[in-house]
Amino acid sequence: MLLCKEHPAPRYPVIVLVLFFLFSNACSIFPVQARDPYALDPKLLDNAEKKFGQSAKKRLLAWQELMQHNDHQNDLALLNEVNSFFNAMAFVADIDHWQQKDYWATPVEFLASNGGDCEDFSLAKYFTLKKMGIAESKLNLTYVTSLVLKQAHMVVTYYESPGAEPLVLDNLVKEIKPASQRSDLLPVYSFNGTGLWLAKARGRGQLVGDSTNLKRWQDLMKRMPEGFAEDSL
């Protein structure tokens, strides 16, 4: 089964994985910062229930509960809870789920429709972690090639401090592991809301652009303003 779309991926030695992940994020050191409790728009919940059923509303309320009770003392506890929450969702290819070859769903669409592909898992984790107080500079959405599946794949990478070895949040592997223990993944490029890096260049600290260069990212952001309240279903 194809788990994610194909993308052109240069063939680097596996050792590049560790070097890329190790040096690829110039992030700041910030503790988890508490934010105001987040509440989903009741109209959004009603629309989700009408379109996808009562279980859709329950999943969204569980997500709301997750974000409202952010009493974690450290990032790792938060990463594990968010990773486990979304990994309980079902994998569904875009062509079957949305009748499109490649569609990036918002977290609301992902949860309400009860499934998505690797990009949807990663995007949902990324935005939820940000909403719960983890600095964007600590998080990346990273496209990789799965050497086992021999196809494109997306994960979330988390950097505790500048230059630290990142942790990898993946829907294919339940446990969060350091990049050095994920030799099955070969990085291609990574991005977040502020930057875009190619695998070879970013290891040398060269920023090659910003995430607005990604058409699907731009489309996603139009459907998901800050706060999530205006997500469309």
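The values are calculated or read from the model by the stated rules, or taken from the named source; none is laboratory data. What you are looking at is a predicted structure, and each value in this text was computed from that prediction instead of being measured. Glycine gets a Cβ as well: all are built from the backbone with ideal geometry, and neighbour counts include every protein chain shown. Each accessible area value is taken on the protein alone, full model and side chains, heavy atoms only, with ligands, DNA and RNA left out. Shrake-Rupley method; radii C 1.70, N 1.55, O 1.52, S 1.80 Å.
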- In region 106-129, what residues are in contact with a strand residue (DSSP E or B) (Cβ under 8 Å, 6 or more places away or on another chain), without any contact (Cβ under 8 Å) to a residue 40 or more places away in the chain and not in a strand (DSSP E or B)? 110, 115, 124
- Message: So for region 87-103 (the condition being closer than 17 Å to residue 130 by Cβ and among the aromatic types (Phe, Trp, Tyr)), does at least one residue qualify?
- Response: no
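Are any residues in region 38-77 closer than 30 Å to residue 161 by Cα and more than 21 Å from the chain's Cα centre (by Cα), and if so, which ones?
Passing the criteria: 71, 73.
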- Note on the structure: If we keep only residues of region 144-197 that are among the β-branched types (Val, Ile, Thr), at pLDDT 90 or above and assigned to a loop (DSSP other than H, G, I, E, B), then the residue farthest from residue 218 (Cα to Cα) is 148
- Given region 1-102, what helices (runs of 4 or more DSSP H) lie entirely inside it while holding 2 or more residues that are of a type in the set (S, T, N, Q) and either at pLDDT 70 or above or open to solvent by 60 Å² or more (accessible area, probe 1.4 Å) (or both)? 54-68, 75-87
- Query: Which residues, taken from region 129-148, are crowded, with 19+ Cβ neighbours inside 10 Å and of a type in the set (A, V, I, L, M, F, W, C)?
  - Reply: 129, 132, 134, 139, 141, 144
